[in-house]
Amino acid sequence: MALEVMARAAGPIPLDAAFRVEPGELLALVGHSGSGKTTLLRTIAGLWRPEVGRVRVNGHIWLDSAAGVNLPPHRRRVGLVFQNYALFPHMTALQNVMAAMDAPDRAEAARILDLVNLHDLSDRKPAQLSGGQQQRVAVARALARRPQALLLDEPFSAVDRATREKLYAEIIALRAHLAMPVVLVTHDVNEAQMLADRMVVIEKGRVVRAGTTAEVMAAPEALRAMGIREVAAMLPATVAAHLPDGLSRLDAATGPLFLPAVEGAVGTRVRVRIMAQDVILSRARPEGLSAQNILRGRITRILPGTGPGVMVHVAVGDHEILARITRRAADQLALQPGDTVHAILKSLSVARDHVARAREWAPDAPDAPPAAG
Amino acid sequence: MDWTALWLSLRLAGWTVVFLLPVSVLMGRFLAYRQFRSKGLVEALVMLPLVLPPTVFGFYLLVAFGRNSPLGDLWQGLFGSQLVFSFQGLVLASIIFNLPFAIQPAQRGFQAVPAEVREAAACCGMSPWRSLWKVELPLAWPGVVTAMVLTFAHTLGEFGIVLMVGGSIPGETKTIAISIYDRVQGFDDRGAAIMSAVLVAISLFTIAVTFWLSSRVGRRLS
């Protein structure tokens, strides 16, 4: 039932990669531009053919260069959301969605538009829609194909930050309806970490590291490919209160977190992305500090980097947060695995789009369509 | 006013459009999307009738259609009539010398359809034919219509090639352009003036339609 991909090519972008995505799983292909991640996506869709390759979905072989099988894109049941959406400009939103159906069905198309919160705009043409609305139509159109694999090519890169936050939340909510493997191509590590179950880091067409986001964040070779500044840990929390001073209190296993107004009602489960470079470590519990978030934890390991920094993994409750500090600081504090430390985080250092609603996903959700096909 | 000649010209232009419409769509699309080694050569050949002197081009067509040519022989064998100095021969010549007008605007029309949109059509499960019908033609049709309008207008006005291949047989190959020339030769300035004015009106109308359509292409895709 999974999506299996293998592709090798000499050029124009050298490629030698293989990965697997389980049904209902969202895998992020992360890499810089030119790393080959989009080419991999196009290989799955059949828009590009590697010299050697194999794409298998749900038992169907879409591409097998050894066996001489290469289905054209229109014979692969694939939903692709393009970076610039590539909507049909002469059709309304509803017609765009219907164009992807085997048997165009108005009511069903309207239902899918509902799913992406776009019902009232179904008669508008793409030019009359905002970027975020166009993206929703593109997602609806991809789902209308009843794809066996859903592919998202940098789908959030063409919208502003505020819209992006909303779309993240929508994608997370939508996943309750998605039973097929989903592949997200992105250069944005935040996006990958917020949305994906697993990540595959691509560099120069090769898989540098694959694994859960936590595993990838702990792998030095992946950090090199992504950029050390992108290292962050994800901390689950629950919205506890919206305070009058514009902060929200979140309850985490690590104790309360105070962050700039988080969206969502009290009780909403969220995940907070804490950037390793924003975390300060202290041996003693600091007093008289302006920072609002002090998390007590135990050092599990200290990984040296190539530069002057080290990555300190601190277990806080059941979770691990990462702190990137200088080797000098680590030496001065004589930090060792097993030591108790306090991780200090400035409230305002958590960007708004680094807080996402936690996904309530059941792989066998009862209302699995429109994607079950 | 030579109504026979005008009617003949209109028939000639009409048939030319009928035959060139599929050529326009298929060749325009092919040249717009496909990359191949001899593409430049093919494009140059398509453009050739535009730069060749009509008499030169007409002369070669005359030779190619003539009684001793393979094409002339084949035609004679199939239909029992000669190709040169016949309406059919004129239509064939017209198809050839209109190739640049029929293909170029259509090619530009198809080129204006973003590659991503065509890929999206394929990913929506549309076969290439369905994609042509549902996505590409609805976006590129102003280019195709421009091509047909130009073909029609150019056929009405062509003189040199028509004279070389068709001669000037009334009701068979004497087009309005040749008829105008005849009137001038016969000092019938008034007749020439009326017919010229009709051609001017048709040409103006054609250009207006073409400009209006090309502005639509821009708007649809923005």
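The values are calculated or read from the model by the stated rules, or taken from the named source; none is laboratory data. Since this is a predicted model, take the numbers as computed values, not measurements. When we count neighbours, we look across all protein chains shown, and the Cβ atoms used for this are built from the backbone with ideal geometry, even at glycine. For accessibility, only protein heavy atoms count, side chains too; no ligands or nucleic acids. Shrake-Rupley method; radii C 1.70, N 1.55, O 1.52, S 1.80 Å.
Which value, in Å² and to the nearest 10, is the accessible area of B:Trp7 when all protein chains are kept and the probe is 1.4 Å?
Estimated to the nearest 10 Å², B:Trp7 gives 150 Å².
Give the carbon-plus-sulfur fraction of the accessible surface of the protein assembly as shown in %, rounded to a whole number; probe 1.4 Å, heavy atoms of protein chains only.
58
Report the paramagnetic label zone for A:Arg296: residues of the range A:239-265 whose backbone N is under 17 Å from a point 7 Å from Cα along the Cα-to-Cβ axis.
A:252-257
Go through A:Lys37, A:Lys204, A:Lys166, B:Lys134 and list them by solvent-accessible area, largest first, probe radius 1.4 Å.
Putting A:Lys37, A:Lys204, A:Lys166, B:Lys134 in descending order of accessible area: A:Lys204, A:Lys166, B:Lys134, A:Lys37.
If each of B:Val18 and A:Ser157 carries a label point 7 Å out from its Cα toward its Cβ, how far apart are those two points in nm?
It is 5.1 nm.
Ranking request for peptides B:57-70, B:138-151: highest mean number of other beta-carbon atoms within 10 Å first, then the rest in descending order.
B:138-151, B:57-70
Quickly work out the A:Thr268-to-A:Gln332 label distance, labels modelled 7 Å from Cα along the C-beta direction, and quote it in nm with one decimal.
Output for this residue pair reads 4.0 nm.
Less than 14 Å Cβ to Cβ from A:Lys204, Lys/Arg counted +1 and Asp/Glu -1: what total charge do the surrounding residues give? Please report the intermediate quantities before stating the final value.
Working: positive: A:Arg8, A:Lys37, A:Arg206, A:Arg209, A:Arg224; negative: A:Asp16, A:Glu203, A:Glu221.
Surrounding charge for A:Lys204 is +2.
A:Glu4: accessible area at probe 1.4 Å, nearest 10 Å²?
60
Would you mind telling me which residue in A:Ser33, A:Ser290, A:Ser248 has the biggest mean-square fluctuation in a Gaussian network model of chain A, where springs connect alpha carbons within a distance under 10 angstrom?
Greatest mean-square fluctuation among the candidates belongs to A:Ser290.
Within a Cβ distance under 15 Å of A:Glu4, other residues only, what is the Lys/Arg minus Asp/Glu net charge?
Around A:Glu4, the surrounding residues sum to +3.
Keeping all protein chains in place, calculate the accessible area per residue for the range B:3-221 (probe 1.4 angstrom), answer in Å².
Value returned for the range B:3-221: 50 Å² of accessible area per residue.
Which FRET efficiency value, to the nearest 0.05, is calculated for B:Ser127 and A:Ala67 with the Förster distance at 30 angstrom and r the Cβ-Cβ distance?
On the way: r = 23 Å, r/R0 = 0.77.
After rounding to 0.05, the efficiency reads 0.85.
Report, as an integer, the average count of C-beta atoms from other chains found within 10 Å of each Cβ along A:76-82.
Other-chain Cβ atoms within 10 Å of each residue's Cβ, averaged: 4.
Enter the angle in degrees (range 0 to 90, nearest 10) between the Cα long axis of helix B:99-111 and the first principal axis of the Cα atoms of chain B, meaning the one along which they spread out most.
20
Summarise the partner chain shielding of A:99-107 as one whole number: the mean count of Cβ atoms from other chains within 10 Å of each residue's Cβ.
Mean partner-chain Cβ count within 10 Å for A:99-107: 2.
If each Cα of the protein assembly as shown is one equal point scatterer, what is log10 of I(q)/I(0) from the Debye formula at q = 0.12 Å⁻¹?
Once normalised to I(0) and log-transformed, intensities are -1.15.
With a/c under 1.5 counting as rounded, go ahead and sort the range A:189-304 into rounded, prolate or oblate using the C-alpha gyration tensor (a ≥ b ≥ c being the square roots of the eigenvalues; past the cut-off, prolate if a/b is larger than b/c, else oblate).
oblate
Under 18 Å Cα-Cα from A:Lys37, which lysines qualify once same-chain neighbours fewer than 8 residues away are excluded?
A:Lys204
So how tilted is helix B:176-185 from the main axis of chain B? Cα-based, degrees 0 to 90, rounded to 10.
For helix B:176-185, the angle is close to 30 degrees.
Please check which bits of the range A:134-175 a label hung off A:Arg352 would reach, taking the label as a point 7 Å along Cα-to-C-beta and the cut-off as backbone N under 11 Å.
A:161-166
Tell me: how much accessible area in total is hidden between B and A, 1.4 Å probe, Å², nearest 100?
By this definition, chains B and A bury close to 1600 Å².
How much net charge surrounds B:Leu156 when only other residues with a Cβ under 14 Å from its Cβ are counted (Lys, Arg +1; Asp, Glu -1)?
0
Solvent-accessible area per residue for the range A:3-229 at a 1.4 Å probe radius, Å²?
Details: 8460 Å² over 227 residues.
Per residue, the range A:3-229 has an accessible area of 37 Å².
Evaluate peptide A:141-148: per residue, the Cβ atoms of other protein chains within 10 Å of its Cβ; return the mean as an integer. It would help to have the intermediate numbers written out before the result.
Details: counts 3, 3, 0, 2, 3, 1, 2, 0.
Taking the mean over all residues of the peptide, I get 2.
With every protein chain left in place, what is the accessible area of A:Glu25 in Å² (1.4 Å probe, nearest 10)?
Roll a 1.4 Å probe over it and A:Glu25 shows about 20 Å².
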